Amino acid sequence: MAAWLLRVWHWWGSWLYWLMWGGGSTARTSGLPVTIRTEQGQNLSVHIQLTWDMRQVQSAVLAQLGLPAATPIRLILAGRRLAPEVRVGDCDLGAGTTLHAIRVLTHCPEQADDGTQHRPLNQSLVDLEISGGARTQPASSPEAQARRLAHFYVYCDAPCHALQPGKLRVRCASCQDGGIVLAGEPTGWSDVLVPDRIQGTCNLAACPTRGTLSWARFYFKCASHPASEDTPPLYLIRSNLYDVPCLACLDVGQPVVVFECPEKHVSCVECFQNYCRTRLNERQFQLHPDHGYTLPCPVGCADSLVRETRHFKLIGDHDYERYQRFGTEEFVLQSGGVLCPRPDCGMGIIMDEPCRRVVCENGCGFAFCRDCLQGYHIGECEAQTETECSNAAQSLMAVGENAVRARSDVRLMAVGENAVRARWVNADPSSLAIQLTTKPCPKCRTPTERSGGCMHMVCTKAACGFHWCWICQTEWTRDCMASHWFG
Amino acid sequence: MNDHPRLTAVFARLSFGRTSGKKPARKATDNPKWEKRLQKELMAIMKDPPDGITVSQDTLEGSDLSQICVNMTGPSGTLYEGEAFMLRFKFGPKYPFDSPEVVFTGENIPVHPHIYSNGHICLSILTEDWSPAMSVQSVCLSIASMLSSCKEKKRPPDNSFYVKTCHKNPKKTRWWYHDEDV
């Protein structure tokens, strides 16, 4: 239903567009305002009609430049020379799009005329992962034809705040201008994403590489509003060309997330969001040295981590903020840093030198002991049992009632059970509960509750997974199994 | 099978997307996403039931999909041939990203080294090896295969201790999978 509505909206939207930009009445003088940039770097504003072909655009440009109508010029968009018969409506032009107009010099050798050079990039580039065979098959219907156009998606931070169709553009790596004609065609995402894979000829007079080959730089823009900033593409998001059902909800979504596992599992965008949020709540994201804080394909395939973490922007601002915080915390801890133990601070601190005194410099200013995470003190961590000292790392510690009673940093005159409650530190009910009911994982110190079953504990933290013994609080061994497996 | 009231309701709900809104009163989007997925799974089981597995009558007649029961007959040629069992699945709103809670229920709990007498099943796909690509059907088939490969009917060694101390939700148990061959 949603897909149908979307289609209706699409249709309605394009009709409105057609009406607005001159398709409806030829009498209208206004049209689609585009910028024409010449090889001299001059910018002209020209109004063109969606029904025009490039020949008509050329005439309009020449008229505005005051040049004779027969002057040979080329129009360049996104690395392609547009053939005279290409219609404006078939290029992904929007208000404010920049076209390059280059005068053809008579001594300039003609470039290879293999046809593809004359089609706009969005037409010759069907989705980049489609295999060669499928690319060359003729599309059966206009709808199929439309779906075979290249579709790219970006997350637009502002003003859209949403997943949006993207436009692929190209500029010259030397002069950063778009007056470049591609010499080769990108055949896969890597050609587009990795710099210096495709070359082109820059036509701009001011470009140092003019007339010779230079590298082409591809970039993406949000297609939903004019003059958008460069935005990295969400390359896992694709048009669902083959109507593959989502692995989770089994619906055929549009667009979809295609994971990079060998099977290329497909999930709809909504299920991807649910998947990320569920994993985030369980802190099951993985910190990868190259890709960052990320997730694999939901099926759990090997080598399927999401490499561009910008995809996680899809979970919404609130959850993305949590994602960033969790990721940072994970990074700090894995780099041997600590988190400031002050409530409501939690600043991540990576120490330059191996010193026990840590000051939360850019945060709350609290100075604390790296080992016990209590306020900084001179000398040994105070008379806590050895285990307790290390447990304290998360200011959550518990080694059973006896250890709590044995604490000597309790300076209040209370004995036994009361001493536990009479502590100012961690006096709130939840941390008290955590202290009394949990033991820390011996490896990562995550407070762990044992709600039943045997003494063999497996740490649930994603990066840890340590097997330990509830009684010994060390690694699980055969001896534990023999002597106190079940208590 | 189509004349069954519950299934007809399922069919009716699912077909809204295609009948272009003649009955706009109830939309398919009224159902949470997990429920829609579950309906599809159940329809698939009804249409093409796997050997020895049927969705229970109560589930088909009830309106609550968060808990369903599946009848299973012991696979022929195995120690459980001819026995009838019932599996209870509980689903949360995070399904299928979160695994369902699956236990044997009813009078006959299979005697098996990985099945506790309270119905809890020690099977890795029900907890850490779960993936959203699995389904009610694939869980049933895994359990059937677990039964089929059993060579001796006995309870797990720690059965009496576990049954006394465990949480009532088996997903709260961190299972330790000692072997894969039973």
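The values are calculated or read from the model by the stated rules, or taken from the named source; none is laboratory data. Quick caveat: nothing in here was measured; it's all calculated off a predicted structure. Because the Cβ atoms are built from the backbone with ideal geometry, glycine has one as well, and the counts that use them run over all protein chains shown. These area figures cover heavy atoms from the full protein model, side chains too; ligands, DNA and RNA do not enter into them. Shrake-Rupley method; radii C 1.70, N 1.55, O 1.52, S 1.80 Å.
Here are the numbers for the structure shown:
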quantity	calculated
Enumeration of residues in segment A:364-383 that are closer than 17 Å to A:LEU333 by Cβ and open to solvent by 40 Å² or more (accessible area, probe 1.4 Å)	A:ARG370, A:ASP371
Any chance B:LYS90 is open to solvent by 30 Å² or more (accessible area, probe 1.4 Å) and more than 14 Å from chain A (Cβ to nearest Cβ)	yes
Among the candidates A:GLN324, A:GLN273, residue that is more than 14 Å from chain B (Cβ to nearest Cβ), part of a helix (DSSP H, G or I) and not hydroxyl-bearing (Ser, Thr, Tyr)	A:GLN324
Within segment A:94-122, considering residues that are assigned to a loop (DSSP other than H, G, I, E, B) and open to solvent by less than 20 Å² (accessible area, probe 1.4 Å), the one modelled with the lowest pLDDT	A:PRO120
Residue check for A:CYS261: open to solvent by less than 10 Å² (accessible area, probe 1.4 Å), part of a loop (DSSP other than H, G, I, E, B) and either over 29 Å from B:ILE125 (Cβ atoms) or out of contact with any Lys or Arg (no Cβ under 6 Å at 6 or more places or on another chain) (or both)	yes
Verdict on A:ARG210 being modelled with pLDDT of 85 or more and crowded, with 17+ Cβ neighbours inside 10 Å	no
Residue list for segment A:184-225, filter: within 18 Å of A:LEU75 (Cβ to Cβ) and either in contact (Cβ under 8 Å) with a residue 40 or more places away in the chain or in contact with a helix residue (DSSP H, G or I) (Cβ under 7 Å, 6 or more places away or on another chain) (or both)	A:GLY200, A:THR201, A:ASN203, A:LEU204, A:ALA205, A:ALA216
Residue within segment A:223-237 that is surrounded by fewer than 17 Cβ atoms within 10 Å (Cβ to Cβ), assigned by TED's automatic domain parsing to the domain that holds A:ASP317 and over 23 Å from A:ASP90 (Cβ atoms) present	no
Criterion: surrounded by fewer than 20 Cβ atoms within 10 Å (Cβ to Cβ), free of Cβ contacts under 8 Å to residues at least 40 places away in the same chain, within 14 Å of chain A (Cβ to nearest Cβ) and not hydrophobic (A, V, I, L, M, F, W, C) - qualifying residue of B:SER124, B:SER138	B:SER138
Evaluation of B:GLU101 against (1) surrounded by fewer than 16 Cβ atoms within 10 Å (Cβ to Cβ); (2) at pLDDT 90 or above; (3) closer than 24 Å to A:VAL299 by Cα (one fails), failing number	(1)
Top-ranked residue in segment A:478-487 [being more than 11 Å from every other protein chain (Cβ to nearest Cβ) and surrounded by 14 or more Cβ atoms within 10 Å (Cβ to Cβ); ranked as farthest from A:GLU329 (Cα to Cα)]	A:HIS484
Residue in segment A:344-361 that is most open to solvent (accessible area, probe 1.4 Å), counting only those that are over 17 Å from A:TYR376 (Cβ atoms) and part of a loop (DSSP other than H, G, I, E, B)	A:ASP344
Members of segment A:285-317 that are part of a helix (DSSP H, G or I) and loosely packed, with under 15 Cβ neighbours inside 10 Å	A:ASP317
Selection within segment B:91-121 - farther than 27 Å from B:LYS33 by Cβ and of a type in the set (S, T, N, Q)	B:ASN108, B:SER117, B:ASN118
Any hit, segment B:55-70, residues being surrounded by 15 or more Cβ atoms within 10 Å (Cβ to Cβ) and in contact with an Asp or Glu (Cβ under 7 Å, 6 or more places away or on another chain)	yes
Any hit, segment B:76-91, residues being at pLDDT 90 or above and among the basic types (Lys, Arg)	yes
Residue that is nearest to the other protein chains (Cβ to nearest Cβ) [pool: residues in segment A:447-477 that are of a type in the set (Ser, Thr, Tyr) and open to solvent by 30 Å² or more (accessible area, probe 1.4 Å)]	A:SER451
Complete set of residues in segment B:28-56 that are assigned to a strand (DSSP E or B) and farther than 22 Å from B:ASP98 by Cα	B:ILE53, B:THR54
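Okay, residues lined up against (1) of a type in the set (Lys, Arg); (2) assigned to a helix (DSSP H, G or I); (3) modelled with pLDDT under 55:
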{"site": "A:ASP127", "(1), (2), (3)": "no, no, yes"}
{"site": "A:ALA144", "(1), (2), (3)": "no, yes, no"}
{"site": "A:TYR153", "(1), (2), (3)": "no, no, no"}
{"site": "A:LYS167", "(1), (2), (3)": "yes, no, no"}
{"site": "A:GLN176", "(1), (2), (3)": "no, no, no"}
{"site": "A:VAL181", "(1), (2), (3)": "no, no, no"}
{"site": "A:VAL192", "(1), (2), (3)": "no, yes, no"}
{"site": "A:ASP196", "(1), (2), (3)": "no, no, no"}
{"site": "A:ARG217", "(1), (2), (3)": "yes, no, no"}
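Each row is one residue, and each column tells you yes or no for (1) assigned to a helix (DSSP H, G or I); (2) in contact with a Ser or Thr (Cβ under 9 Å, 6 or more places away or on another chain); (3) among the β-branched types (Val, Ile, Thr).
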position	(1), (2), (3)
B:ASP58	yes, no, no
B:ASP64	no, no, no
B:ILE68	no, yes, yes
B:MET86	no, yes, no
B:VAL102	no, no, yes
B:PRO110	no, no, no
B:MET134	no, yes, no
